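Chemist: Okay, handing you the structure first.
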Amino acid sequence: MSRIGKLPINIPSGVTINQDKDGVVTVKGPKGELSQKVDPSVKMKVEDGQITFEIDENSPVNYKQKQAFHGLYRALVNNMVVGVSEGFKKTLELVGVGYRVSNQGNLIEFSLGYTHPIFIQLPSEVKVETKSERNQNPLLILESCDKQLLGLICAKIRSFRMPEPYKGKGILFQGEVIRRKSGKTAAAK
């Protein structure tokens, strides 16, 4: 059995969980509503303010796959419960001379050293905030109840200017450390 799959999930107050006959789990809370289909080889039980997951021994899926699903669906449902109760937040930092970011609602405009600005329209589930202070790197703060969606958006934004190891420029998560490389001049000595 999966070590993660064995752990119960505590249901915070204000969060409701429903599972229909098709295996779709819906979690509602103060921050929003999320749903996820759970494979039939994993049984979900809601009792005494906790959610537990068990492997269905009678399903035709092989045992290794059942173990993988056990941990996977427990983690996905846990992320949904945490998301609708507390939410998730990611902060991106733009490191580079002349790098700027601004937003009008959910439309973000980036100036990243290209000949043109880059625009990206975010879905309504994601809240955006930008901060630009003098002598500080611009910050982009993203908040959502859906952890998967937030991760996809952060990956897309980072792909505009991946952090590079020679000068340390690019779009980084706040607090991320880039392993720096010495350039050609260090090797020539």
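Chemist: If I filter segment 97-119 down to residues being in contact (Cβ under 8 Å) with a residue 24 or more places away in the chain and of a type outside the set (A, V, I, L, M), which single residue comes out as most open to solvent (accessible area, probe 1.4 Å)?
Modeler: Among residues in segment 97-119 that are in contact (Cβ under 8 Å) with a residue 24 or more places away in the chain and of a type outside the set (A, V, I, L, M), the one most open to solvent (accessible area, probe 1.4 Å) is Arg100.
Chemist: Output the residues belonging to segment 150-189 that are part of a loop (DSSP other than H, G, I, E, B), of a type in the set (Phe, Trp, Tyr) and in contact (Cβ under 8 Å) with a residue 40 or more places away in the chain.
Modeler: Selection gives Phe160 alone.
Chemist: Suppose we filter segment 27-47 for residues that are open to solvent by less than 70 Å² (accessible area, probe 1.4 Å) and within 22 Å of Lys127 (Cβ to Cβ); how many remain? Step through it out loud before you land on a result.
Modeler: From segment 27-47, those open to solvent by less than 70 Å² (accessible area, probe 1.4 Å) are 27, 29, 32, 34, 36, 38-39, 41-42, 44; that's our starting set.
Adding the requirement that they be within 22 Å of Lys127 (Cβ to Cβ) leaves 27, 29, 32, 34, 36.
Qualifying residue count, segment 27-47: 5.
Chemist: Just to check your reading of the model, which residue among Glu125, Glu86, Glu133 is among the charged types (D, E, K, R), over 23 Å from the mean Cα position of the chain (by Cα) and at pLDDT below 95? Steps first, answer last, please.
Modeler: Values: Glu125 fails: over 23 Å from the mean Cα position of the chain (by Cα); Glu86 fails: over 23 Å from the mean Cα position of the chain (by Cα).
After ruling out the rest, the residue left standing is Glu133.
Chemist: Filter segment 120-146 for residues that are over 18 Å from Leu172 (Cα atoms) and open to solvent by 60 Å² or more (accessible area, probe 1.4 Å) and give the result. Give the steps one after another, and end with the answer.
Modeler: Of the residues in segment 120-146, the ones over 18 Å from Leu172 (Cα atoms) are 121-127, 134, 144-146.
The answer is Gln121, Ser124, Glu125, Lys127, Arg134.
Chemist: Please go through segment 49-81 and give me each residue that is in contact with a Ser or Thr (Cβ under 6 Å, 6 or more places away or on another chain) and open to solvent by 70 Å² or more (accessible area, probe 1.4 Å), ordered by number.
Modeler: Across segment 49-81, there are no qualifying residues.
Chemist: On to the next question. Please pick out the residue among Val95, Val84 that is of a type in the set (A, V, I, L, M), in contact with a Leu (Cβ under 8 Å, 6 or more places away or on another chain) and under 28 Å from Thr16 (Cα atoms).
Modeler: Val84
Chemist: Condition first: touching a residue at least 60 places away in the same chain (Cβ under 8 Å) and out of contact with any Gly (no Cβ under 7 Å at 6 or more places or on another chain). Now tell me which residues in segment 87-96 satisfy that.
Modeler: Within segment 87-96, Phe88, Lys90, Thr91, Leu92, Glu93, Leu94 qualify.
Chemist: Scan (1) at pLDDT below 90; (2) exposed (fewer than 14 other Cβ atoms within 10 Å of the Cβ) for the single condition Gly23 breaks and write down its number.
Modeler: (2)
Chemist: Can you name every residue in segment 6-61 that is part of a strand (DSSP E or B) and among the aliphatic types (A, V, I, L, M)?
Modeler: Ile9, Ile17, Val24, Val25, Val27, Leu34, Val42, Met44, Val46, Ile51, Ile55
Chemist: Here's another thing I want to ask about it. Of everything in segment 147-171, what is of a type in the set (A, V, I, L, M), under 14 Å from Gly113 (Cα atoms) and open to solvent by 30 Å² or more (accessible area, probe 1.4 Å)? Give them in sequence order.
Modeler: Met162
The values are calculated or read from the model by the stated rules, or taken from the named source; none is laboratory data. Computed from a predicted structure; not experimentally measured. No Cβ is skipped: glycine too gets one built from the backbone with ideal geometry, and neighbour counts run over all protein chains shown. Surface areas here come from the heavy atoms of the whole protein model, side chains and all, with no ligands, DNA or RNA. Shrake-Rupley method; radii C 1.70, N 1.55, O 1.52, S 1.80 Å.
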